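I have placed the structure first, in the form of structure tokens, so that the comments after it can refer back to it.
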Amino acid sequence: MADNIPDIKHSSGTCSTCQERFCAVSSLSDVQLSSLEYNCREVPLRKGEHIYHQGSLTSHIVYLRQGLVMEYKKGEGGRDQILQIVKSLSYLGLHSLFGDRVNHYSYKALTDIKVCYIDVDAFKKLVRENGDFGYEILVSVCKESLNSHHRFLNTYSKQTYGKVADALLYFANVIFDNPTFVLPLTRDELGSLIGITRESATRALTHFQHEGYIQVQGSQVSILKTEALEKISKRG
């Protein structure tokens, strides 16, 4: 768990038969695939458990097979600054891998998850040896960076209602692909994601519910009027 990787073997087959493998794996040769399998360990983690912490050394690349993960770092005043929500079929820690080998972010499970820990040297070797594999990894890193930059810039200049509308549409359209979803964040974490206080996030959600834009039952959110939220988002 966290920064200590359990030495356990796959419980559901190999990389060659995995139904949740990254698209780039299909470009590996049989020998390279065998190397990946030998240097990979599957680990189930419970909601709330950490995958690794900011400041630790990058000894493994983590592949998120199932579930949702929160990427964050410590901000000023010690408050966690949430950078993004990571969906399944994604690699974690690639920026650190090709940077200075220090994890600049922390990752915590928002749901029960399954991850594969891959030895960092073995992973680098595959990137160097196989151009197609390396290309897909590069595409993944670039898409992630662009999506994060666009989201931050889009949210930065908006007022509270615009930010909360953005967040709801982000979860509905990008994370869950469903207008009804279980919000995986607390109100405080939601505020951290979009740069407002917990009280402001709660007040905006209550307002949207009173206006009939959404329905909130515990942690479940249903968007009833998507166009209304889109207008609020555009107005900022």
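Only the coordinates and a few stated rules stand behind these numbers; no lab work does. Values in this document were obtained by computation on a predicted structure and should not be read as measured data. Heads up, the Cβs are rebuilt from the backbone with ideal geometry, glycines too, and the neighbour counts pull from every protein chain shown.
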Residues of the range 135-169 being surrounded by 19 or more Cβ atoms within 10 Å (Cβ to Cβ) and in contact with a strand residue (DSSP E or B) (Cβ under 8 Å, 6 or more places away or on another chain), which ones?
-> I137, L168
Search result, residues across the range 63-79 that are among the aliphatic types (A, V, I, L, M) and outside any strand (DSSP E or B) | L68
Some residue of the range 118-132 being surrounded by fewer than 15 Cβ atoms within 10 Å (Cβ to Cβ) and at positive phi = no
Can you tell me which residue among H95, H104 is assigned to a loop (DSSP other than H, G, I, E, B) and closer than 23 Å to H149 by Cα?
-> H104
Checking A201 against (1) buried (at least 17 other Cβ atoms within 10 Å of the Cβ); (2) free of Cβ contacts under 8 Å to residues at least 24 places away in the same chain, the condition it does not meet | (2)
Tally, over the range 112-141, of residues that are closer than 22 Å to L193 by Cβ and either free of Cβ contacts under 8 Å to residues at least 60 places away in the same chain or not β-branched (V, I, T) (or both) | 3
Within the range 55-92, work out how many residues are among the charged types (D, E, K, R) and touching a helix residue (DSSP H, G or I) at 6+ places or on another chain (Cβ under 8 Å).
-> 3
